[in-house]
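Q: Below is a structure I'd like to ask you about.
The values are calculated or read from the model by the stated rules, or taken from the named source; none is laboratory data. Fair warning: this is a prediction, and the values are worked out from it, not measured in the lab. Positions of Cβ are backbone-derived with ideal geometry, glycine not excepted, and every protein chain shown enters the neighbour counts.
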Amino acid sequence: MPGKDCMNILIANLGSTSVKYQLLEMPSEAVIAKGKIERVTDYRAAVEEVRKLEAPVDAVAFKAVHAGPDYCGTYLVDDGVLQAMEEFYPVAPLHNRIYLDGIRAFQEAMPGTPLVAAFETEFHSHRPAWAKRYGIPQEWGEKYGILRYGFHGASHEWVSERSAEMLDRPKAELRVVSCHLGGSSSVCAIKGGVSIDCSMGFSPQSGLENATRHGELDPFAVFYLQEKLNLSTEELLTRMLGDGGLAGLSGVEGGDIRDIVKAAEGGDLKASETFDLFCYSVKKYVGAYAAALEGLDAIAFTGGIGENGFRVRSMVCLGLAFLGVELDEAINVAQSGDRIISTPGSKTKVLVLEANEERIVARRACRVLRRMEKPPVAIRA
């Protein structure tokens, strides 16, 4: 691997029942192949489908989620990485199980091929201490890694870079609030290309309401519910992960915002209130992060809802004139693709950007593979 001018890196984006992939030639970032395999019940079968690609695969990189404070970066997969993912499995059970199973399937099917884990926490790892800490005894945070990690890092990093390109301004001078909205949602404050805060904290369940996961929730409500419902910890966690969020609030199965909007338009009051609550939650973070950034140059929307939900974008931006936001509703509704949806005179620009986490993951993996040595273990934050 060392010394090769180009390498083909397969980016595997693993879902609970699907595998999306892109094969990128690096460092040119040319897309050689891309696809999606649906109804996955066995990742080994999915790996075999990916292996049918005509182009060679020099390495496989994963948009991994959570492995605690010692792995907020990009690493060659080894026993230490897998052990850390297992340790933090209870914090991100839906995500870590998928990636642990997927990584092991690739290990078995493609022995000798380097595997790289690019953790979503990396982009947020250099935030100041006051943006990472919880109000708990400091030794708990240090000993058990109870910190505000932040997630969707590859997506927010891409937003930072793409926003600078779209606005034709240096990344180093921009203050951007990045809204990654989808089945899983988060908001990130980015200053000079660096994350300074993120709505998700210790786990991907915190912050904004997700499709079926609860989002922000007072921990004492959890203790209270466990007693009232007479549920075990495992039973309660299962309910919170699968029955909460937008689905639980609206009563719309699956919590898909499109179905919620349709139900609201049909007169469903719970669906209408859920839609308003979600938009309000996003708007609160935009306002808070404008203060944290000490000003605002752009708001960027990405992810499935961010890219396609013109009603959500409109509601979030409504009333933000005091921040210099002036939306062009015609562009917001009618056009598609990467674009600026604010008026030419809007002091704060509003952008819609197609997510491109794969490119960020490929760049990170390429840097690690060029070194072909394990990065040093990070110091606990």
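Q: Can you pull out the residues in region 214-235 that are part of a loop (DSSP other than H, G, I, E, B), without any contact (Cβ under 8 Å) to a residue 40 or more places away in the chain and of a type outside the set (Asp, Glu)?
A: Correct list: 214, 217, 230, 231, 232.
Q: Looking at (1) small (Gly, Ala, Ser); (2) part of a loop (DSSP other than H, G, I, E, B); (3) free of Cβ contacts under 8 Å to residues at least 60 places away in the same chain; (4) under 20 Å from residue 154 (Cα atoms), find the lone condition where residue 35 falls short.
A: Checking residue 35 against (1) small (Gly, Ala, Ser); (2) part of a loop (DSSP other than H, G, I, E, B); (3) free of Cβ contacts under 8 Å to residues at least 60 places away in the same chain; (4) under 20 Å from residue 154 (Cα atoms), the one that fails is (2).
Q: A further question follows. Could you grab me the full set of residues in region 120-155 that are of a type in the set (D, E, K, R), in a loop (DSSP other than H, G, I, E, B) and over 12 Å from the mean Cα position of the chain (by Cα)? Let's see the steps before the verdict.
A: Taking region 120-155 first, the residues of a type in the set (D, E, K, R) are 120, 122, 127, 132-133, 139, 142-143, 148.
If we keep only those that are in a loop (DSSP other than H, G, I, E, B) too, we end up with 120, 127, 132-133, 148.
The answer is 127, 132, 133, 148.
Q: Moving to a separate point now. Restricting to helices (runs of 4 or more DSSP H) lying wholly in region 290-368: which have 2 or more residues that are surrounded by 19 or more Cβ atoms within 10 Å (Cβ to Cβ)? Can you show your working first?
A: Details: elements: 303-308, 310-317, 329-334.
So the answer is 303-308, 310-317.
Q: State yes or no: is residue 278 in contact with a helix residue (DSSP H, G or I) (Cβ under 7 Å, 6 or more places away or on another chain), of a type in the set (Phe, Trp, Tyr) and assigned to a helix (DSSP H, G or I)?
A: So residue 278 fits the description; yes.
Q: When you scan region 177-202, how many residues do you find that are out of contact with any strand residue (DSSP E or B) (no Cβ under 6 Å at 6 or more places or on another chain), among the polar types (S, T, N, Q) and at pLDDT 95 or above?
A: Step one: of region 177-202, the residues out of contact with any strand residue (DSSP E or B) (no Cβ under 6 Å at 6 or more places or on another chain) are 181-185, 192-194, 201-202.
Checking the rest, the ones that are also among the polar types (S, T, N, Q) come to 184-185.
Retained after the next criterion (residues that are at pLDDT 95 or above): 185.
Matching residues across region 177-202 total 1.
Q: Could you give every pair whose Cβ atoms fall below 9 Å, whose first residue belongs to region 105-120 and is surrounded by fewer than 16 Cβ atoms within 10 Å (Cβ to Cβ), and whose second residue is modelled with pLDDT of 90 or more, counting only separations of at least 6 or pairs across chains?
A: Between residues of region 105-120 that are surrounded by fewer than 16 Cβ atoms within 10 Å (Cβ to Cβ) and residues that are modelled with pLDDT of 90 or more, the close pairs are 113/10; 113/57; 113/58; 113/59; 113/60; 113/106; 113/107.
Q: Still on this structure: Looking only at region 32-51, which residues are in contact with a strand residue (DSSP E or B) (Cβ under 6 Å, 6 or more places away or on another chain), over 20 Å from residue 64 (Cβ atoms) and of a type in the set (A, V, I, L, M)?
A: Within region 32-51, 32, 33 qualify.
Q: Now a separate question. Could you tell me which residue of region 63-87 is farthest from residue 156 (Cα to Cα), considering only residues that are of a type in the set (D, E, K, R) and part of a helix (DSSP H, G or I)?
A: Filtering region 63-87 for residues that are of a type in the set (D, E, K, R) and part of a helix (DSSP H, G or I), the one farthest from residue 156 (Cα to Cα) comes out as 79.
Q: Follow-up question, since we're still on this one. Only residues in region 358-370 that are free of Cβ contacts under 8 Å to residues at least 24 places away in the same chain and assigned by TED's automatic domain parsing to the domain that holds residue 162 count as the first member; pair them with residues that are among the polar types (S, T, N, Q) and buried (at least 24 other Cβ atoms within 10 Å of the Cβ), Cβ under 6 angstrom, at least 6 apart or cross-chain, and list the lot.
A: none
Q: Then there is this: Anything in region 1-36 that is of a type in the set (Val, Ile, Thr) and either more than 19 Å from residue 360 (Cβ to Cβ) or modelled with pLDDT under 90 (or both)? List them, or say none.
A: Selection gives 17, 19.
Residue by residue, here is whether (1) on the phi > 0 side of the Ramachandran plot; (2) in contact with a Gly (Cβ under 6 Å, 6 or more places away or on another chain); (3) buried (at least 17 other Cβ atoms within 10 Å of the Cβ) holds:
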residue	(1), (2), (3)
132	no, no, yes
144	no, no, no
150	yes, no, yes
173	no, no, no
184	no, no, yes
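Q: Give the residue that is farthest from the chain's Cα centre (by Cα), with candidates limited to residues of region 236-261 that are small (Gly, Ala, Ser) and either in a helix (DSSP H, G or I) or under 16 Å from residue 185 (Cα atoms) (or both).
A: The residue in question is 250.
Q: Also, I was wondering about something else. Looking at (1) surrounded by fewer than 21 Cβ atoms within 10 Å (Cβ to Cβ); (2) in contact with a helix residue (DSSP H, G or I) (Cβ under 8 Å, 6 or more places away or on another chain); (3) outside any helix (DSSP H, G or I), which is the only condition residue 203 fails?
A: So residue 203 meets the others, but not (2).
Q: Can you tell me which residue is surrounded by the most Cβ atoms within 10 Å (Cβ to Cβ) among those in region 206-234 that are within 16 Å of the chain's Cα centre (by Cα) and either among the polar types (S, T, N, Q) or farther than 18 Å from residue 245 by Cβ (or both)?
A: The qualifying residue surrounded by the most Cβ atoms within 10 Å (Cβ to Cβ) is 210.
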